[in-house]
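Chemist: I have a structure I would like to understand better, so I am pasting it below and will then ask my questions one at a time.
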Amino acid sequence: MSPLPPQLVHYSSVDQYRQHYETHYCKSQIYTFDGLRVFFPKQQFKDAFFESASRWRRDKSVFSRQRAERIDWIKAALQDSSAGLFVGWDRDKKTYAFERRVCIAYENYVVVLRVAKDKKSATFITAYVADETTIQKIRSGPRWVL
């Protein structure tokens, strides 16, 4: 059985969420439950906590409070050994991207990592609440094997 997700984080500004991300992720050593060291580049804040005004433009122009309030879910999901792990999808190339690891926790929370070639570390790409169609597509793909 999956553990419960952490409490939502409520701040009044984007800058407060950015500071939280940089303090708790960029400046911390975080490992997945199976030992991957995960690096969190500062520039990934925008990808993780903003959404595109149009799904076709992919401009990441609109701050997403839904994503930001779940900021503490990222670490918890990565450390949840009961989370589902799948191979990522490259939407531009329309093929599976075996260097991308997709974690599904808390039924519909997705965290995406890019795993290094040595398979000892990974870089955070994004995290979001997915709709049922997206979850089904992820779950229909290959399982992640380290």
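Derivation of every value follows stated rules applied to the coordinates shown; laboratory data play no part. What you see is a predicted model, and the numbers here were worked out from it, not measured in a lab. Note: ideal-geometry Cβ built from the backbone for every residue, glycine included; neighbour counts use all protein chains shown.
Chemist: Rg over Rh of the chain, using C-alpha atoms and the Kirkwood radius, what does it come to?
Modeler: Here the Rg-to-Rh quotient is 0.93.
Chemist: What length, rounded to one decimal in nm, is gained on full extension from residue 96 through to residue 34, with 0.36 nm per residue of separation minus their alpha-carbon distance?
Modeler: Contour length minus Cα-Cα distance gives 20.1 nm.
Chemist: Could you calculate the FRET efficiency of residue 16 with residue 62 from 1/(1 + (r/R0)^6), where r is the beta carbon distance between them and R0 is 25 Å, rounded to 0.05?
Modeler: On the way: r = 18 Å, r/R0 = 0.70.
Computed FRET efficiency for residue 16 and residue 62: 0.90.
Chemist: Quick one: Cα convex hull volume of the stretch 75-116, Å³ per residue?
Modeler: Working: hull volume 3.2 nm³, N = 42.
So the per-residue hull volume is 77 Å³.
Chemist: Counting other C-beta atoms within 10 Å, which of 145, 115 has the fewest, and how do the rest follow?
Modeler: Ascending Cβ contact count within 10 Å gives the list 145, 115.
Chemist: Follow-up question, since we're still on this one. Can you run phi through the Karplus equation (6.51, -1.76, 1.60; θ = phi - 60°) for the stretch 71-82 and list ³J(HN,Hα) in whole Hz, with x for Gly and Pro?
Modeler: 4, 7, 6, 4, 4, 4, 5, 5, 9, 8, 5, 8
Chemist: Taking the Cβ of each residue in 46, 27, 75 as the centre, tally the other Cβ atoms inside 10 Å and list the residues starting with the fewest.
Modeler: Ranked by crowding around the Cβ, least crowded first: 27, 46, 75.
Chemist: Output the pairs from 27/120; 42/94; 60/119; 27/93; 27/94 with a Cα-Cα distance over 25 Å in this structure; if there are none, say none. Could you put the intermediate results ahead of the total?
Modeler: Values: 27/120 19 Å; 42/94 28 Å; 60/119 29 Å; 27/93 33 Å; 27/94 34 Å.
In this structure, 42/94; 60/119; 27/93; 27/94 lie more than 25 Å apart at Cα.
Chemist: Please list, ordered by chain and number, the residues whose modelled amide H lies under 5 Å from the amide H of residue 60; skip anything fewer than 5 residues away on the same chain.
Modeler: Excluding prolines and chain starts, which carry no amide H, the hits are 52, 53.
Chemist: Can you list which of the trypsin sites (Lys or Arg not before Pro) found in the stretch 82-146 are DSSP loop residues with at most 14 other C-beta atoms within 10 Å?
Modeler: When the trypsin sites (Lys or Arg not before Pro) of the stretch 82-146 are filtered for loop state and at most 14 Cβ neighbours within 10 Å, 91, 93, 94, 117, 119, 120 remain.
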